[in-house]
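The values are calculated or read from the model by the stated rules, or taken from the named source; none is laboratory data. Because the structure is a prediction, the values reported are computed rather than measured. Here Cβ is always computed from backbone atoms with ideal geometry, including for glycine, and neighbour counts include all displayed protein chains. The protein model used for the area step is the full one, side chains on, heavy atoms only, and it has no ligands, DNA or RNA in it. Shrake-Rupley method; radii C 1.70, N 1.55, O 1.52, S 1.80 Å.
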Amino acid sequence: MASVVKDSGDAELRRLIHYLGPTTVTVGIHERQGAIQKMEKRASGRGKKKQQAEFSSETLAEVATKHELGIGVPQRSFIGAWVDENETKLKERLVAVAQRAIQHKKPMSEAMMRYGLWSVGQIKRRIIANIPPELSERRKREKAAAGVASKDTPLIFTGQLLSAIMAEQER
């Protein structure tokens, strides 16, 4: 449903409409980051202490989708499950952010971006906290051999997936 506002010369009204205008913020792995090929670390050389980076044929979007939905790997939903677990908290936070923007006459786009960045931080915290199920012993050995510090933590190998989770704004 479209709204029509006739110009009555009220500058304050026009300013509020501009500030409170429609804003969409999406959180996740977006097209630009998702298209990047997955990087893998491999131990190489004598003693296998030297690190070598190789690129997989899979993109980050493919890897993320497999884990989010459990396609060929144990399901480790890092976005959908977080939303489900925090539905009430998310709604409360969104209302608070919007009310604060209106109260302080701040652009809604700014408020929504703050909400998106907060969400990104929460999702990353969830991943770092170790989303079940636990890694297999084989995968732990692979990560240890590659020199990955977080060998017991699923979804963290090179840090690529974690750093690809972002908030983007559309207006």
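Observations, loosely collected:
- Segment 104-125, residues that are at pLDDT below 95 and of a type in the set (Lys, Arg): LYS105, LYS106, ARG114
- When VAL83, VAL25 are checked against the criterion of being open to solvent by less than 40 Å² (accessible area, probe 1.4 Å) and either modelled with pLDDT under 95 or under 30 Å from PRO107 (Cβ atoms) (or both), a single residue qualifies: VAL25.
- Of SER136, SER119, SER109, all but one fail to be of a type outside the set (Val, Ile, Thr), over 22 Å from ASN86 (Cβ atoms) and surrounded by 15 or more Cβ atoms within 10 Å (Cβ to Cβ); the exception is SER109.
- Single residue of ALA96, ALA111, ALA101 found to be in contact with a Pro (Cβ under 8 Å, 6 or more places away or on another chain), farther than 29 Å from ALA35 by Cβ and among the hydrophobic types (A, V, I, L, M, F, W, C): ALA101
- Selection count, segment 38-54, where residues are open to solvent by 70 Å² or more (accessible area, probe 1.4 Å), at pLDDT 60 or above and closer than 17 Å to LYS140 by Cα: 0
- Checked against (1) within 26 Å of ALA146 (Cβ to Cβ); (2) of a type in the set (Gly, Ala, Ser); (3) assigned to a loop (DSSP other than H, G, I, E, B); (4) at pLDDT below 90, SER57 passes all but condition (3).
- Flag for LYS124 being under 20 Å from GLU68 (Cα atoms) and open to solvent by less than 100 Å² (accessible area, probe 1.4 Å): yes
- Among the residues of this structure, LYS106 does not count as one that is within 12 Å of the chain's Cα centre (by Cα) and in contact (Cβ under 8 Å) with a residue 24 or more places away in the chain.
- Filtered by the rule that a residue be crowded, with 18+ Cβ neighbours inside 10 Å and free of Cβ contacts under 8 Å to residues at least 60 places away in the same chain, segment 147-171 gives THR153, ILE156.
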